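The values are calculated or read from the model by the stated rules, or taken from the named source; none is laboratory data. Note that the coordinates shown come from a computational prediction; the quantities given were computed from them, not determined experimentally. In this analysis, Cβ positions are derived from the backbone assuming ideal geometry, glycine residues included, and neighbour counts consider all displayed protein chains. SASA here: full protein model, heavy atoms, side chains in, ligands and nucleic acids out. Shrake-Rupley method; radii C 1.70, N 1.55, O 1.52, S 1.80 Å.
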Amino acid sequence: MKRGLAVGIAAIVVTGCATSTPETGGRGPITFATIKDGTGTVPKLVEAWNAKYPDQTVRIIDLPEAADGQRQQLIQQAQTKSDTYDVITIDLPWNAEFAARRWITELPRDQFDVDGFFAAPLKGSEYRGKLFSIPHFTGAGMLYYRTDLLAKAGVAPPKTWAEMKTACAKVLALPEAAGASCYAGQFDKYEGLTVNFSEAVSSAGGEVTDDAGKPKLDTPAARAGLDFLTTAFRDGSVPPEAITYKEEEGRRAFQQGKVIFHRNWAYIHALMSATDGSSAVQGKFGVTVIPGASGPGVSTLGGNNLAVSAFSKKPDTAREFIKYLTTVDTQREHARGSAYPMTRTAIYQDPELRAKYPYLPVLQDAITGARPRPTLVRYGDASAAIQEQVYAVLGGKTSAEQALSTLQRQLAEFAQGS
């Protein structure tokens with residue numbers, strides 16, 4: 001998920017690394033290192049906390065915008081054992097790495113109400129069966145489509161890849177769709193490509209790794225998932241320029257009417273619904289669960305978690321602040337001020353929020369069926385390898401067979417090194 005996002009691989013338990021135990025004691029003013037909130041909602045929530053707890057105030061420290069920059073800055077602080085940060089925001093796939101390296105502390109389950117969270121984000125917050133972070137934002141990819149063009153062509157939103165291809169053929173025959181392409185996702189060589197590849201494999205009935213952390217890329221399902229992406233590039237269903245698409249490039253292509261179907265996160269819904277003339281598809285699009293090989297597909301879980309730095313001198317206040325930010329009431333208030341997908345299921349049943357964000361029922365289904373990315377200690381290495389090999393296949397530089405064989409070997413090595 002971009003913006004704290006947003007990504008089909010089964011969560012795995014990694015062995016062979018150290019764990020951390022809960023720290024106790026320490027109250028007072030703390031810092032909160034997190035991604036910048038352009039809506040101003042998080043600063044308002046912090047102001048409310050500060051007004052209630054003047055002796056335990058929170059100061060926000062903005063992390064870099066890009067996930068790679070966020071991770072680098074957090075690791076630098078951890079490696080120097082700096083106490084500059086107390087509460088930190090981490091991408092869900094980083095949980096295992098940060099826990100295993102003792103950069104974050106275990107969170108006592110009896111201090112947190114975890115019953116109302118989506119199961120997948122909560123599972124991804126664990127390491128060796130212990131809780132090390134709390135889901136703050138979550139997300140899953142959805143399929144955006146042109147309601148006006150599908151209606152005119154007489155086709156329903158697709159549930160399978162084959163249905164999407166058939167729908168495209170009918171829609172692209174319309175004069176109104178002249179010059180458009182069928183589909184776009186995120187295919188540049190970055191984290192989004194890992195997400196899209198993982199979704200394709202999962203949506204074909206496969207998995208990139210099993211529950212023991214072993215890669216499963218030598219299977220027919222893995223080949224089918226990669227073939228879906230490569231075939232779409234080869235036959236023109238995906239426009240050639242999509243090889244450079246991240247979230248925003250794809251969003252603009254759909255918003256300008258250049259593609260009929262588009263896989264992206266929830267945040268783009270508001271941008272495409274703008275009534276200021278910036279969106280050519282305002283009032284002309286809908287959302288559904290991403291399609292798969294034989295039925296609805298499986299999205300890769302996105303999201304951000306909150307954790308307590310192992311080097312914080314105020315861990316009690318830090319834990320209390322995390323509890324405050326992740327209660328149902330605070331999440332409801334947060335959702336009223338921004339479109340970030342919350343992590344408690346009750347938010348998705350709120351009538352007011354459903355009216356404000358009509359995609360919530362679809363998003364809930366997508367999150368419920370989503371799979372986390374691998375919780376490998378060497379997740380960064382695994383993701384980089386996936387990006388390198390899949391990008392080479394999409395660009396015609398190597399074969400799908402060779403890429404999957406290489407990844408099978410590389411991911412096996414990363415699992416052993418965890």
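Couple of notes before you dig in:
- Packing order of peptides 288-298, 173-183, highest average first: 288-298, 173-183 (average count of other Cβ atoms within 10 Å over each peptide's residues).
- The listed residues LYS152, LYS246 rank as LYS152, LYS246 when sorted by accessible area, largest first, using a 1.4 Å probe.
- Each label point was placed 7 Å from the Cα along the Cα-to-Cβ direction; for ILE60 and ALA280 their separation is 3.5 nm.
- Ligands, DNA and RNA left out, the 1.4 Å accessible surface of the chain is 49% carbon and sulfur atoms.
- Cβ-based charge dipole, the chain, positive-most Cα from ALA412, SER198, ALA153: ALA153
- If R0 equals 45 Å, the separation of the Cβ atoms of GLU47 and GLU176 corresponds to a calculated FRET efficiency of about 0.40.
- Beta bridges per DSSP with both ends in segment 31-149, % antiparallel, nearest 5: 20 percent
- Ordered by 1.4 Å accessible area with all protein chains kept, ASP148, ASP235, ASP55 run largest first as ASP55, ASP235, ASP148.
- Stretch gain in nm, segment GLU248-LYS36, where the contour uses 0.36 nm per residue and the Cα spacing is subtracted: 74.6 nm
- Residue-normalised accessible area of the chain, given per residue in Å² at a 1.4 Å probe: 39 Å²
- Stretched out straight at 0.36 nm per residue, the stretch from LEU353 to THR327 would grow longer than its current Cα-Cα span by 7.7 nm.
- Placing a pseudo-label 7 Å from each Cα along the Cα-to-Cβ vector at ARG234 and SER273 gives an inter-label distance of 4.0 nm.
- Translational diffusion coefficient (Stokes-Einstein; Kirkwood radius from C-alpha pairs) of segment 183-246 at 37 °C, 0.692 mPa s, in µm²/s: 271 µm²/s
- Distance between segment 172-189 and segment 375-418 - C-alpha centres, whole angstrom: 28 Å
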